[in-house]
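The values are calculated or read from the model by the stated rules, or taken from the named source; none is laboratory data. Here the structure is a predicted model, which means the values were calculated and not measured. Because the Cβ atoms are built from the backbone with ideal geometry, glycine has one as well, and the counts that use them run over all protein chains shown. Quick note on the areas: whole protein, heavy atoms, side chains included, nothing else; ligands and nucleic acids left out. Shrake-Rupley method; radii C 1.70, N 1.55, O 1.52, S 1.80 Å.
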Amino acid sequence: MIHLNQIYKKFGSMEVLKGIDLTIEKGKTAVIIGPSGSGKTTLLRCMNLLETPDKGIISLGKKTLEFSEKKKQKYSDVSEFRKQTGMVFQNYNLFPHLTALQNVMEGQIIVKKRTKQEAYKMALLQLEKVGLKDRADMYPSQLSGGQQQRIGIARAMAMEPEVLLFDEPTSALDPELVGEVLKVMKDLANEGMTMVIVSHEMQFARDVADLVVFMDQGVVMEKGTPAEVFDNTKNERTLQFLNKVQATV
Ligand code: ADP
Ligand code: MG
């Protein structure tokens, strides 16, 4: 379970997150939607402490951290907390000089202190799960965007995180490659992985989300099941956003 309580974040004088409350139960998938600039990426980055919230409480697995402007977190607490999260980025962020296999092994050896042999076994297992075992020795430049992103997912999963965070994982992809990445994500959801996904793929959100979260101007404007948010919302801002998105599909 990941639990956020009254999370605030400012950049300079601009308030980007204004008191976010959100709970995602273990094994559930939340899809965050909302206009550009509403704070979705910042919220995800706060969930793995790539950004430090100014205020609020985050609980994940066995760890609870409380943030305030006065108190500085201990590096060891932050690092322990972050180890429980996995992040999948819009632009994959693979190391270009490492093969697919090496990309999936690297973090396991450095962060998890696994032996090479352990890391190798886990990497092969995860590459197999994303359907890329036969591409293990290729470099990112030899792979399509969809394949690179599936390696990004395998790399995150190899760390055995409590929660997997995705920031627009398919928005850099050519349309014909989106499906293969969504399929891998759907498989993970069905296996009971806890996931938080920022995405504009509304049909995907309908299919896999246990919880749809609509963010606008730094607040959670509305949350609910796909049916509640997509079909039955009474919220004016949500309606406006959905109309805009649907007009472009
Ligand atoms: P979204 O992902 O919903 O598009 P972001 O979380 O990326 O929104 O950004 C929310 C707001 O915070 C934007 O106005 C953006 O310009 C600003 N912002 C994000 N990151 C930073 C940063 N590191 N420094 C300053 N401003 C930032
Ligand atoms: Mg973003």
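Computed values, structure above
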{"read-out": "Selected residue (criterion: farthest from the chain's Cα centre (by Cα)) from residues of the stretch 17-59 that are open to solvent by 20 Å² or more (accessible area, probe 1.4 Å) and of a type in the set (A, V, I, L, M)", "value": "I57"}
{"read-out": "Which listed residue, of K223, K234, is among the basic types (K, R) and either within 19 Å of L43 (Cα to Cα) or in contact with a helix residue (DSSP H, G or I) (Cβ under 7 Å, 6 or more places away or on another chain) (or both)", "value": "K223"}
{"read-out": "Number of positions in the stretch 237-249 that are more than 19 Å from T42 (Cβ to Cβ) and surrounded by 15 or more Cβ atoms within 10 Å (Cβ to Cβ)", "value": "2"}
{"read-out": "Test: residue in the stretch 137-149 that is in contact with a Lys or Arg (Cβ under 9 Å, 6 or more places away or on another chain), in a helix (DSSP H, G or I) and open to solvent by 90 Å² or more (accessible area, probe 1.4 Å)", "value": "yes"}
{"read-out": "Verdict on T233 being open to solvent by less than 30 Å² (accessible area, probe 1.4 Å), assigned to a loop (DSSP other than H, G, I, E, B) and farther than 30 Å from I109 by Cα", "value": "yes"}
{"read-out": "Qualifying positions in the stretch 110-123 - more than 22 Å from the chain's Cα centre (by Cα), of a type outside the set (G, A, S) and open to solvent by less than 90 Å² (accessible area, probe 1.4 Å)", "value": "R114, T115"}
{"read-out": "In the stretch 96-148, the residues that are in contact with a Pro (Cβ under 6 Å, 6 or more places away or on another chain) and under 21 Å from A189 (Cα atoms)", "value": "Q148"}
{"read-out": "G131 in contact (Cβ under 8 Å) with a residue 24 or more places away in the chain and part of a loop (DSSP other than H, G, I, E, B)", "value": "yes"}
{"read-out": "Options T233, T225; residue that is closer than 24 Å to G61 by Cα and polar (S, T, N, Q)", "value": "T225"}
{"read-out": "Among residues of the stretch 151-181, those that are assigned to a helix (DSSP H, G or I), touching a helix residue (DSSP H, G or I) at 6+ places or on another chain (Cβ under 6 Å) and crowded, with 21+ Cβ neighbours inside 10 Å, counted", "value": "7"}
{"read-out": "Given (1) surrounded by fewer than 18 Cβ atoms within 10 Å (Cβ to Cβ); (2) under 14 Å from the mean Cα position of the chain (by Cα); (3) modelled with pLDDT of 95 or more, index of the condition H200 fails", "value": "(3)"}
